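*Asks:* Sending over a structure as structure tokens; questions will come in a sec.
Bear in mind these aren't lab numbers, they're just calculated from the coordinates by the rules spelled out. Not measured: the values here are computed from a predicted model. FYI the Cβ positions are ideal-geometry reconstructions off the backbone, even for glycines, and counts take in every protein chain you see.
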Amino acid sequence: MFQWIKNMKQSSVARALTLFLPLNQGISPRSDYVSLAREGFTRNSVVFACIKEISEAAAGVSWILYERSREGGLREIVDHPLLRLLEKPNPLQGKFEFIETTMAYLYLSGNAFIECVGAGDRQAGGAKPRELYALRPDRVQVIPHPVNLIDGYEYRVGGESVRFPRDRVLHLKLFNPLDDWYGLSPVQVAALAIDKMNGGDKWNAALLHNSAVPSGALVAKERLSESQFDRLKAEMREQVQGIKNAREPLLLEQDLEWKELGMSPRDMDWVEGLKLSAQQIAQVYNMPTELIGLQPATYQNRREARKALYTEVVCPALNRFRDALNTWLTPRFGKELYLDFDKDRIEALSEDQDALWNRAGASPFLTLNEKRRMVGFDDLPGGDTLETPRPARPRGRNRRTPRAADNGGAPAR
């Protein structure tokens, strides 16, 4: 297996973490993934939009493979089996859909699991992978180990279970201060705001479907008979309730009087409440509100919001993904390989990249190699010498006083 695994230092706290856990049994996550997915992603438009923006933006970024030289520089590799694996991770998905699924799982549940399938033995985690699969987080359980902290992973679906060694599964997780094994879901953090927003939508829908007006009661001065009561209730359902009967006049007979019981939408101010809940959800995902329709967007502020999305959300997420791949996947293809995403090809950050190039080119106190490092290029031989600018030649006639020998020993006139 990998040399870094053989020489890995044993953690002194691994024994304490696994002391009271059953051996060879998976640890279930504390959050309910099905509830998070149903209430958060499938029934809340803001959570859906946030995860969709992050995952699709991350999936659209290009990747570059480098090879380290003996001098420490990086040389780009255009064609390699690792790049082909990322372009076609498995027979069912391409690169875009694979990364989109992985990032969506990560920002929905706080965890993302990737399984690699080797070239020969499908159970051999050390073979060069031929396929990569994104596993549904709620079906994967971490199996603890008293010394190495994690012994492997167990995948359960339909009453069947499969166990994977630790090196065959990549576990991406968001920081969780209360769990040593699983990441914290952003949906769980925004659960209260999601419940309020979903409740407001349901209340509004029920208001439209039931009566389209605030609920109330018909008050009679005299007691109605059973037949009168049933007839009045049926007429109310047919003539008043429903969206098509919204604001229809109510005809009352005898001494009936309409008395409003429920609070009006103005009193509940549910519109402002929905906006606040939506902004709280966007705050949890650090999502610019202009991109998901919570604020009016012009071309300029939408462009700035797109830049903020990549700078503050997508690039940190890709940094996490890149470091994990370089630890788990890249060494299987070669020790000197380094995988990175191409930040220069992100259109939203093109202005920042142009500004960086201009700053590097306009810095006379930097050497050529220092300028190349600023923009992400390797060093060149002889590029560590600072170029000394040549003095400018004075304009006009040369007024240098000639030497005495130039004028026969006589002073110049």
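*Asks:* From the backbone phi of region 101-107, what are the Karplus-calculated ³J(HN,Hα) couplings (6.51 cos²θ - 1.76 cosθ + 1.60, θ = phi - 60°) in whole Hz, Gly and Pro given as x?
*Replies:* Couplings: 5, 4, 5, 5, 4, 5, 8 Hz.
*Asks:* Can you run phi through the Karplus equation (6.51, -1.76, 1.60; θ = phi - 60°) for region 58-67 and list ³J(HN,Hα) in whole Hz, with x for Gly and Pro?
*Replies:* My calculation for region 58-67 gives 5, 6, x, 7, 7, 10, 10, 10, 10, 10 Hz in order.
*Asks:* If amide hydrogens are placed 1.01 Å from N in the peptide plane, which non-local residues have theirs closer than 5 Å to the one on Gly118?
*Replies:* Amide H neighbours of Gly118, under 5 Å, 5+ apart: Ala124, Arg130.
*Asks:* For Gly334, which sequence-distant residues (separation of 5 or more, or a different chain) have an amide H within less than 5 Å of its own amide H, given hydrogens modelled in the peptide plane?
*Replies:* It is none; the list stays empty.
*Asks:* Search the structure for amide H atoms under 5 Å from the amide H of Asn90, placed 1.01 Å from N in the peptide plane, and list their residues when 5 or more places away or on another chain.
*Replies:* Amide H neighbours of Asn90, under 5 Å, 5+ apart: Leu132.
*Asks:* Mind scanning Lys88/Lys128; Lys343/Lys371; Lys196/Lys275; Lys52/Lys202 and naming the pairs with a C-alpha gap bigger than 21 Å?
*Replies:* Details: Lys88/Lys128 15 Å; Lys343/Lys371 18 Å; Lys196/Lys275 10 Å; Lys52/Lys202 23 Å.
Exceeds cut-off: Lys52/Lys202.
*Asks:* Still on this model: Could you order peptides 97-107, 164-174 by the average number of other Cβ atoms within 10 Å of their residues, highest first?
*Replies:* In decreasing order of mean packing, 97-107, 164-174 become 97-107, 164-174.
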